[in-house]
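Worksheet: one structure, shown below.
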Amino acid sequence: MNTTGNNYQATSVGDIQAKGRATLHNELALTGSEISINELPPGVGVPFLHSHKRNEEIYVVVRGKGRFQVDGDEFEVAEGSVIRVDPAGARCIAAEPQSSLRYICIQTEAKSLVQFTEGDGVILETKPTWRQRASA
Ligand code: ZN
């Protein structure tokens with residue numbers, strides 16, 4: 001599924017388990033963030049620590065169990081864990097020996113957000129198509 005309109009791009013990342021990783025920067029023509037969907041097999045971790053120059057990262061664990069390291073700290077992560085890391089943080093993520101780990105990583109420029117949710121969203125008068133169908 002790849003669909004493009006005047007104000008959107010939509011894609012499917014397919015079988016993440018088979019691919020290991022999908023980045024969405026190009027597929028969605030992202031302009032303010034980078035998103036990757038990642039799958040680490042049991043016992044596998046990213047083989048290096050890394051930091052960033054300008055971007056913070058938000059990791060959202062959606063399945064499995066693992067360990068997360070930031071600088072000298074290491075802690076458990078599991079489905080539902082969400083971690084934000086400052087650009088300077090030396091980070092790494094690994095799956096536990098008995099569990100694969102699926103997570104989404106969102107990368108965006110640190111301190112760039114000036115408004116969010118209700119501060120930025122605008123509710124429009126036009127009904128969404130599902131409500132138009134429901135009232136037909
Ligand atoms: Zn990174």
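The values are calculated or read from the model by the stated rules, or taken from the named source; none is laboratory data. What you see is a predicted model; the values in this text were computed from it and never measured. Here the Cβ is made from the backbone with ideal geometry for all residues, glycine too, and neighbour counts use every protein chain on show. Just the protein is used for accessible areas: all its heavy atoms, side chains included, with ligands, DNA and RNA removed. Shrake-Rupley method; radii C 1.70, N 1.55, O 1.52, S 1.80 Å.
Observations on the model:
- Scope region 120-136; condition surrounded by 10 or more Cβ atoms within 10 Å (Cβ to Cβ) and polar (S, T, N, Q); matching residues: Q132
- Pairing residues of region 86-98 that are modelled with pLDDT under 95 and open to solvent by 20 Å² or more (accessible area, probe 1.4 Å) with residues that are part of a loop (DSSP other than H, G, I, E, B) and among the β-branched types (V, I, T), at Cβ distances under 9 Å and at least 6 apart in sequence or on separate chains, gives no pairs at all.
- The set of residues in region 34-62 that are exposed (fewer than 15 other Cβ atoms within 10 Å of the Cβ) and farther than 14 Å from T108 by Cα comprises P41, P42, G43, V46, P47, F48, L49, H50.
- Close contacts from region 49-62, counting a first residue that is more than 21 Å from S100 (Cα to Cα) and a second that is small (G, A, S) and outside any strand (DSSP E or B), with Cβ to Cβ under 6 Å and a gap of 6+ residues or different chains, come to S51/A88; S51/A90; E56/A110.
- Options T31, T108, T117, T3; residue that is open to solvent by less than 60 Å² (accessible area, probe 1.4 Å), more than 13 Å from the ligand (Cβ to nearest atom) and either touching a His at 6+ places or on another chain (Cβ under 6 Å) or of a type in the set (S, T, N, Q) (or both): T3
- Selection status of A18, more than 16 Å from the ligand (Cβ to nearest atom) and open to solvent by less than 70 Å² (accessible area, probe 1.4 Å): no
Residue-wise test of (1) closer than 24 Å to V114 by Cβ; (2) more than 12 Å from the ligand (Cβ to nearest atom).
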position: L49; (1), (2): no, no
position: R54; (1), (2): yes, no
position: F68; (1), (2): no, yes
position: D73; (1), (2): no, yes
position: S99; (1), (2): no, yes
